[in-house]
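Trainee: Okay, handing you the structure first.
The values are calculated or read from the model by the stated rules, or taken from the named source; none is laboratory data. Since we're looking at a predicted model, the values are computed, not measured. Because the Cβ atoms are built from the backbone with ideal geometry, glycine has one as well, and the counts that use them run over all protein chains shown. All accessible areas refer to the heavy atoms of the entire protein, side chains included, with ligands and DNA or RNA removed. Shrake-Rupley method; radii C 1.70, N 1.55, O 1.52, S 1.80 Å.
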Amino acid sequence: MAKRRIGILTSGGDCPGLNATIRGVAKACYDLMGDEKVEIIGITDGYHGLIHNECREMKPSEFSGILTQGGTILGTRRTPYKMMQVVEDDNIDKVAEMKQTYKSNKLDCLLTLGGNGTHKTANLLSEEGLNVIGLPKTIDNDIWGTSVTFGFHTAVDIGTEVVDRIHTTATSHSRVMVIEIMGNKAGWLTLYSGVAGGADIILIPEIPYNIDKVVSAVESRAKAGKQFSIVAVAEGAMDLAESKMKKKDRARIRAEQGYTTATARITKEIQDKTGFETRSVVPGHMLRGGSPSAYDRILATQFGARAARLILEEKYGYSVAKIGTEIGENRLSDVTMKTKFVPLDDKVVVAARDIGISFGD
C-alpha cells in the first residue's frame with residue numbers, strides 16, 4: 001500500500017471533542033495502515049491555513065495525551081462559506097489557493113472537522129475534485145443526517161449545570177431568572193439543557209413565543225406558591241411577529257427598541273408585566289469550553305476511527321455520522337442542503353409539555 005498523506009483541519013467555533021476526534025483519526029490510521037504508511041499534515045486555523053498554506057507534518061507523539069483536552073491543537077478560525085468564492089481586496093482566489101495547497105503538499109485526502117459552514121466548503125472542495133471527508137462538530141447539534149454531533153453532549157452537561165446553579169439563587173431571592181443558551185438557528189442545546197436542568201419555560205427558534213403566554217406561565221407558578229421561575233432562552237429565539245421577518249429586519253427593530261438580544265427584551269418584559277424581580281444570565285462561551293464528557297470522548301473516537309476506515313477504502317465525498325445506533329456516513333452533498341431543526345413533535349418536546357414546561361406558545 002502506498003503512503004497516504006492526510007491533511008486535517010478544524011474550522012469554525014471550537015468545542016469539546018475536537019482533539020479527541022483528531023486523536024481518533026490519527027491512531028486509527030496508524031493502526032490500520034501502519035505508522036510508516038501514514039503522514040498526517042496539520043493545517044493551522046482551519047480554511048485560513050488551507051488558503052495560505054500554513055501546514056506542517058505532525059509526529060505520532062502529538063496525538064497522545066489530547067483525548068481529554070478541550071479546544072483544538074490545530075487552532076481554528078471562522079472563514080464564512082458565502083465568502084469562499086468571493087475575491088476580496090486582497091485579490092486572493094480562495095478556492096484556487098486551497099486547491100494549490102492541497103496539491104503542493106501532495107495530499108491524498110483532506111479531513112475537515114466543523115459545523116454547517118465547514119461542511120459547505122468541504123462539499124465545494126469535493127466538487128472541485130479534492131478527496132474530502134467531513135466530521136460533524138457543533139454544540140448546536142444541527143447538522144443534518146447525524147443523530148448527534150460531537151461537542152453537543154458536553155455542552156448540554158455544562159448548560160444543565162448552569163441551570164442547576166441558577167436555581168439556588170432564584171429560589172433564595174424569589175426571582176425570575178432568564179438564562180440565554182447558545183443556538184442561533186436550532187434549539188437542541190436549550191431544549192436538552194432546559195429539560196435536564198428543570199427549567200419552567202423553554203424558548204427555542206423553532207417555536208415562536210408569545211410574551212403574554214410566557215408571562216402567564218410565570219404568574220401561574222406564583223399563584224401556585226412557587227415564587228421563582230427559570231426561563232431557558234435560545235439566543236435565536238423570536239416572538240411570533242419576528243418569526244415572519246427577515247433576520248436583518250429583526251435586528252433593526254430590536255435596535256430601535258434598545259435591545260440587542262431576545263433575552264434582554266424578554267427579561268424586561270417579564271419584569272414590567274409581572275412586577276417580579278427578573279434577571280438575565282448569559283453563560284456564553286463557557287458552553288463551548290473545557291474537557292469533553294465521557295460520551296463525547298467515545299463518540300469522537302468512533303467518528304475518527306470511521307473516518308480512517310473511509311480513507312482506507314478511498315471512500316471520499318462523505319461526512320461521518322451517527323445513524324441510529326450505528327456509525328456510518330452521508331454524502332457531503334446531502335449534508336450541506338439541510339439543517340437539522342427541532343421537530344415540533346420531537347419526543348423531548350412532547351415529554352417537556354407533558355410535565356408542564358411552557359414553550360411560550
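Trainee: Could you look at segment 133-219 and say what percent of its accessible area is carbon and sulfur, using a 1.4 Å probe and all protein chains?
Mentor: On the way: 1210 of 2530 Å².
Taking all protein chains in place, segment 133-219 shows 48 percent carbon and sulfur surface.
Trainee: Any chance you could tell me what percent of the C-alpha pair distances in segment 276-361 go past 21 Å?
Mentor: 60
Trainee: For segment 248-324, run through the trypsin sites (Lys or Arg not before Pro) and keep only the ones in DSSP coil with at most 15 other Cβ atoms within 10 Å of their Cβ. Numbers along the way, then the final one.
Mentor: Values: sites: Lys248, Arg250, Arg252, Arg254, Arg265, Lys268, Lys273, Arg279, Arg288, Arg297, Arg306, Arg309, Lys315, Lys322; in loops: Lys315.
Of the trypsin sites (Lys or Arg not before Pro), the ones in loops of segment 248-324 whose Cβ has at most 15 other Cβ atoms within 10 Å are Lys315.
Trainee: Moving to a separate point now. Name the residues of segment 225-253 whose amide N is less than 15 Å from a point 7 angstrom out from the Cα of Thr261 along the C-beta direction?
Mentor: Taking a point 7 Å out along Cα→Cβ of Thr261, the residues of segment 225-253 whose backbone N falls under 15 Å are 231-238.
Trainee: Over segment 175-215, one equal point on each Cα, no solvent: what is log10 I(q)/I(0) by the Debye formula at q = 0.30, 0.33 Å⁻¹?
Mentor: Taken in order of the listed q values, log10 I(q)/I(0) reads -1.22, -1.30.
Trainee: So what is the accessible area of the chain per residue, in Å², with the probe set to 1.4 Å? Mind showing how you got there, number by number?
Mentor: Values: 15720 Å² over 361 residues.
Counting only protein heavy atoms, the per-residue value for the chain is 44 Å².
Trainee: Would you tally the net charge around Val162, using a Cβ to Cβ cut-off of less than 14 Å, leaving Val162 out, and scoring K and R as +1, D and E as -1?
Mentor: Values: positive: Arg165, Arg279, Arg288; negative: Asp157, Glu161, Asp164, Glu180, Glu235.
Computed value for this residue: -2.
Trainee: On to the next question. Using the Cα gyration tensor of segment 104-186, with a ≥ b ≥ c the square roots of its eigenvalues, what is the shape: rounded (a/c below 1.5), prolate (a/b larger than b/c) or oblate (neither)?
Mentor: Numbers: a/c = 4.34, a/b = 3.57, b/c = 1.22.
Verdict is prolate for segment 104-186.
Trainee: Report the net charge of residues surrounding Leu189, where surrounding means a beta-carbon distance below 12 angstrom and charges are Lys +1, Arg +1, Asp -1, Glu -1. Provide the component values of the computation, followed by the final result.
Mentor: Details: positive: Lys185, Arg288; negative: Asp140, Asp142, Asp157, Glu180, Glu235.
Net charge around Leu189: -3.
Trainee: Tell me, how many Å apart are the Cα centres for segment 91-119 and for segment 1-68?
Mentor: Centre-to-centre (Cα) distance: 14 Å.
Trainee: Next question. Looking at the chain, what % of its DSSP beta bridges pair antiparallel, to the nearest 5? Mind showing how you got there, number by number?
Mentor: Details: 10 of 43 bridges.
Around 25 percent of the beta bridges assigned by DSSP in the chain are antiparallel ones.
Trainee: Continuing with the same structure: If you take the square roots of the eigenvalues of the alpha-carbon gyration tensor of segment 1-104 and sort them as a ≥ b ≥ c, do you get rounded (a/c under 1.5), prolate (a/b over b/c) or oblate?
Mentor: oblate
Trainee: In whole angstrom, how long is each semi-axis of the equivalent ellipsoid of segment 198-292, when you take the square root of 5 times every eigenvalue of its Cα gyration tensor and sort them from largest down? Walk me through the intermediate numbers first.
Mentor: Working: eigenvalues 100, 75, 31 Å².
Ellipsoid half-lengths, sorted descending, are 22, 19, 13 Å.
Trainee: Here's a follow-up. Which GluC sites (Glu not before Pro) does segment 228-282 hold that lie in a coil by DSSP with at most 14 other beta carbons within 10 Å? Kindly include the intermediate steps, with their values, before the conclusion.
Mentor: Numbers: sites: Glu235, Glu242, Glu256, Glu269, Glu277; in loops: Glu235, Glu277.
Taking segment 228-282 and a limit of 14 other Cβ atoms within 10 Å, the loop GluC sites (Glu not before Pro) found are Glu277.
Trainee: Less than 15 Å Cβ to Cβ from Gly289, Lys/Arg counted +1 and Asp/Glu -1: what total charge do the surrounding residues give?
Mentor: Once positives and negatives cancel, what remains is -2.
Trainee: Follow-up. Full-extension gain between Asp334 and Asp212, please, as 0.36 nm times their residue separation minus the C-alpha to C-alpha distance.
Mentor: Numbers: separation 122, 0.36 × 122 = 43.92 nm, distance 3.99 nm.
Between Asp334 and Asp212, full extension yields an extra 39.9 nm.
Trainee: What order do you get for 54-65, 8-19, 69-80 when each peptide is scored by the mean count of other beta carbon atoms within 10 Å, highest first? Each step should come with its number before you reach the end.
Mentor: On the way: 54-65: 13.8, 8-19: 27.0, 69-80: 18.2.
Listed from highest to lowest mean packing, they are 8-19, 69-80, 54-65.
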